[in-house]
Structure formats: C-alpha cells, structure tokens
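Worksheet: the structure to be examined is printed underneath.
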Amino acid sequence: MNQVWTIAETHPVPPCTIVIFGASGDLAARKLLPALYNLEHCGQEAIPPKSAILGFARREMSLEAFRTKAREAATRFSRLQIDEERWGRFARSLDYLSGLDRPDGFARLKGRLEEIEQARGLPPNRIFYLALPPEAIAEAVEKLYGAGLIAPPQAPYFSRIVVEKPIGHDLHSALQITNTIRQYFDETQVFRIDHYLGKETVQNLMVLRFANSIFEDFWNNKRIDHVQITVSEEEGLGSRAMYYDGAGALRDMVQNHMLQVLALTAMEPPVSLAAGAVRDAKVNVIRSLRPIGPGDARKLVVRGQYAAGELGGQRVPGYLQEEGIGETSRTETFVALKARIDNWRWSGVPFYLRTGKRLPRRASAIFVQFKRVPEILFNRRVALPPGVLAIRLQPDEGSSLEVLAKRPGLDLSIQPVRMNLQYSAEFDGASPDAYERLLLDVMAGDHTLFLGARFVHRSWEFVQGILDQWQDDPAMPLAPYAAGTWGPKAADELIRADGREWFTP
C-alpha cells in the first residue's frame, strides 16, 4: 500500500448560517445546494450540527416548495445518491425567505436569522453568499450594512461574504465593487470565488510542480518551448443568453478561469502554503504579463462566433439564431490569444490560450511542450517530436507525459508513448465537487483557494487592453466557425505563424 503524507488538514468548521442570495436561481440549484447536501453526506467533519441554510430571493415560495426544489436539484446534480436519513437532516436545516427586492427585505432577513439562531442554538456566525449579477453586489452589501448584519472582524463571531465571478464587467466596475465592499467588510471577511480553483486537478498543480523536483528543475525557458491552455465548452448558452451576450468569452472565461490557471502554471514557488503567500505568487505572474498594447489585438488575439453546425450527431443553431440573441450581435464566443510573461523564468516562452463555446467536447487542459533535442543522434535524419506534459483538468482528470521510446523489433523505430496518471483509476472514490471544497473553506475561514482583490484588478487590467481595442476598432475581425469544430481558422494561423500547432484535449 502506498504511503500517504497529510501536509495540511482541513481547518475546523464552526456552526454557522449560510444565506444564499438568489437561492431560486440557476447557480443555487446546479451547484450550491447539491454541494451543501454532499457536505452533509460527509458527516459532522464537514458541516457541524445545528448549522442552517437560508435561501433569500425575490421569488415568492413556500418553505416546502423550496425544500422540494432543493431535493430535485440534489437528485439531478449531486455526485452522491439521495440517502433518506441524511436528506431528512439536511432538509431540516433549510429555510427560505422571499423579498430580496423589497424595501423591508433586509430587516426581515435580520429577523429571520435571529429566529433561526435562537431555535437551533446557533451563534451569529453568518456567511452571505451573493449568487447575484455583478451590478447587484454593491447594493446588497450596502443593505447588509444598513440592516446591521455585518459584524466587525474583531467580533467573537464572524460575518463573511462570498462574491461570485465575474467581479465586474470591466476594470472600472471591478474597482467600484471592491471599493464598496471595502467600506463595510475587512479583506479577511471577503471570499471571491472562482470554482476552477476548487477542482482537484487545479489544486494538484502546486503539488505536481513543487513536490516533484524533476519538474521544477526544467520548469523554465531553458527546457520549455511553449505552454498551451485550452478550456473548451460543448454546450451553447442554455439559460445564460442575457448575461452572456453582454459578457462574451473574454470576460466570462479568460479574465478569471484561464488567467488563474496560467498563474498557477507559471508562478514562482511561494514562501509558504499560507493563503497570502500563494496569492502573492500568483499576482506576480499577472503583474508580469506583457500588456497587449494599442494595435496588438489584431496580431495577438483572435475572436470568433459560432455559426450553425453539427455537434454530437445533431444540427445546432448558430449564435445569432439562439433565443434571446440579437441578429447583429458581435459578442465573441471564442477567444485565442498569445501571451508573454516578462520575467526571468519565462522570458521568450509564449503562452497560448483558447476557449470557446460549441466546440467538439467539454474539456480543460494544460499542455507544456518541451524543447526539441539537438539535431544529432536520433534526431538527425527525421524531426522527432518534442516531449509534452499534458495536465487534464476536466473531465478526465489526470496527467500524462509523452516521451519517445524504441518500438520492439529488429529495426530502430521510435514512437511516442505516454506515461499516464488517471485520477479515477489511481485513487479510490469520487473527487469532491469544486464547490464542496470552496464552501467548506469559507466556513473554515481559509482564503487559500480564493481570489485576492489585487489579482482581480490586475487580470482586468490585462483584459481591458483588449476590450478597449475591440471597442475602438469597429472593423476588428469576428471570425465565424461552425459549431462542432475547434474554432476559426484564424486561431490555427495564430499559432502556426510561430511554427506550432494546437493540441487537442
């Protein structure tokens, strides 16, 4: 049996009440309620007894209807089957309050919280999860303060706020949200969530790099030719048409998920595993990103929009034919870009990022291509392919290292072979959902896997340079691509101009 070393244990979780703003919405149904049920399934080491969950939304709904809706969501989206005894315990922890948009809504919220805490014998430890659009965050924070629902950081009990991405629509609005939150909350009380950081394989990036000396020794511009990060989505818009048409792929994916993964891939070893040290190391990467300055967006960034095509054997409409999308929309559903990190480790190494909707499959992966061996010995007659480390973030979590080996036989024939780690085969049990880990960390007060304000601002600064050029140049190309393909031809030309090709997840 393999030895296991526990480096850091889960922090203790005190009893608390989690208030889900927007509890009647899609995020609560698909992610939050199933994740909280899964934590209940894990027993007292996850959610302590007496803890409560209060849904708070505009929609009128009875408590019984809310509990039924939560059960339907857990049945459909939970990684665990419903256990009647555990579900009964979980359902008893659920409560619901309508009136999020009413003038007296937050006063009623305060009253309901006090009733729940008195009935369950709970301390006033409160987590406010703002599953709200970016434009509603500031108002919610101000009303929480006005209702006297925010405890100071030095109080014997805690008030914490969880803010979902995207944090703002651009750099200006992100700064406004940060400034509003800072008026009423200390930074230690703020948890900016990006669910990508809760994925097992994303968390494993640091272990892979810094617990294995073999990787750290060649994780630099002397050994690495380039890095690719691909986040592909098979689905279209679903119920997000109104939001997505005002955001697009650059805001929705690049500004948060992809720059987070880039930072973890490229950062220097942090001085410790403390949340502040890890955050500092990631921010330094984003600070080192070379700005995509005036005129560079045409050369370094490709944006596309999917047209009708075939996906999974079915005909699917183009973006402009989707319900809720105007026929003249120029919102991008695909982005590919070439980035540079101007520091000692990565000087001269390009990072290629691409993401899009209606691509052939749902997948997220990092590809690290190493430099070719010199043109001697085996590489003299033919151009042998370089080694590649592939890190699969989803859905087939794991990693593989592709190396060259002699093929058995009388001839000297060389072919690539893969040394493969597949999480599902190597480790027992299903990985917890990202929201399970992140919600548990909020309850425990652990900031390690959450965004700091500086990272949010720096990532928006990088993206803002692209957005400004798109806005200033109405003729900026918006390349079409058929649904079910890997994006527009311009994305292939972007990387082929450097003598490279995209890897397929």
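Here residue 37 clears all of (1) closer than 19 Å to residue 161 by Cα; (2) hydroxyl-bearing (Ser, Thr, Tyr); (3) surrounded by 22 or more Cβ atoms within 10 Å (Cβ to Cβ) except the condition numbered (1).
Condition first: buried (at least 18 other Cβ atoms within 10 Å of the Cβ) and either in contact with a helix residue (DSSP H, G or I) (Cβ under 8 Å, 6 or more places away or on another chain) or of a type in the set (Gly, Ala, Ser) (or both). Now tell me which residues in the stretch 106-130 satisfy that. 106, 122, 126, 127, 128, 129, 130 - these are the residues of the stretch 106-130 that are buried (at least 18 other Cβ atoms within 10 Å of the Cβ) and either in contact with a helix residue (DSSP H, G or I) (Cβ under 8 Å, 6 or more places away or on another chain) or of a type in the set (Gly, Ala, Ser) (or both).
From the list 304, 248, 238, 324, the lone residue that is buried (at least 20 other Cβ atoms within 10 Å of the Cβ) and under 27 Å from residue 28 (Cα atoms) is 248. Taking every residue in the stretch 478-505 that is hydroxyl-bearing (Ser, Thr, Tyr) and pairing it with any residue that is part of a loop (DSSP other than H, G, I, E, B), at least 6 positions away or on another chain, the pairs with Cβ-Cβ distances below 8 Å are 481/487; 481/488; 485/359; 485/360; 504/486.
Of all residues assigned to the stretch 212-226, none qualifies as being under 17 Å from residue 439 (Cα atoms) and assigned to a strand (DSSP E or B).
Determine whether residue 418 is within 23 Å of residue 165 (Cα to Cα) and either at pLDDT below 95 or outside the structural domain of residue 290 (by TED's automatic domain parsing) (or both). Here the answer is no, as residue 418 does not meet what is asked.
Quick one: in the stretch 14-27, which of the residues that are of a type outside the set (D, E, K, R), surrounded by fewer than 23 Cβ atoms within 10 Å (Cβ to Cβ) and over 13 Å from residue 125 (Cα atoms) is modelled with the lowest pLDDT?
First, the residues of the stretch 14-27 that are of a type outside the set (D, E, K, R): 14-25, 27.
Within this subset, residues satisfying the condition of being surrounded by fewer than 23 Cβ atoms within 10 Å (Cβ to Cβ) are 14-15, 24-25, 27.
Add one more test, that the residue is over 13 Å from residue 125 (Cα atoms), and what stays is 24-25, 27.
Numbers: 24: 90, 25: 87, 27: 90.
This residue is 25.
Please determine whether any residue of the stretch 462-480 is at pLDDT 95 or above and under 22 Å from residue 366 (Cα atoms). The answer is yes, given that some residue of the stretch 462-480 is at pLDDT 95 or above and under 22 Å from residue 366 (Cα atoms). Being within 17 Å of residue 255 (Cα to Cα) and either β-branched (Val, Ile, Thr) or modelled with pLDDT under 95 (or both) is true of residue 164.
Among strands (runs of 3 or more DSSP E) entirely within the stretch 346-407, having at least 1 residues that are among the polar types (S, T, N, Q), at pLDDT below 95 and assigned by TED's automatic domain parsing to the domain that holds residue 336 singles out 363-370. For the stretch 94-124, which positions are among the polar types (S, T, N, Q) and in contact with a strand residue (DSSP E or B) (Cβ under 7 Å, 6 or more places away or on another chain)? Listed by number, the list holds a single entry, 98. The condition of being at pLDDT below 95 and buried (at least 21 other Cβ atoms within 10 Å of the Cβ) does not hold for residue 217.
The values are calculated or read from the model by the stated rules, or taken from the named source; none is laboratory data. Note that the structure is a prediction, hence the values are computed from the model and not measured. Using ideal geometry, Cβ is built from the backbone for each residue, glycine included, and neighbour counts are taken over all protein chains shown.
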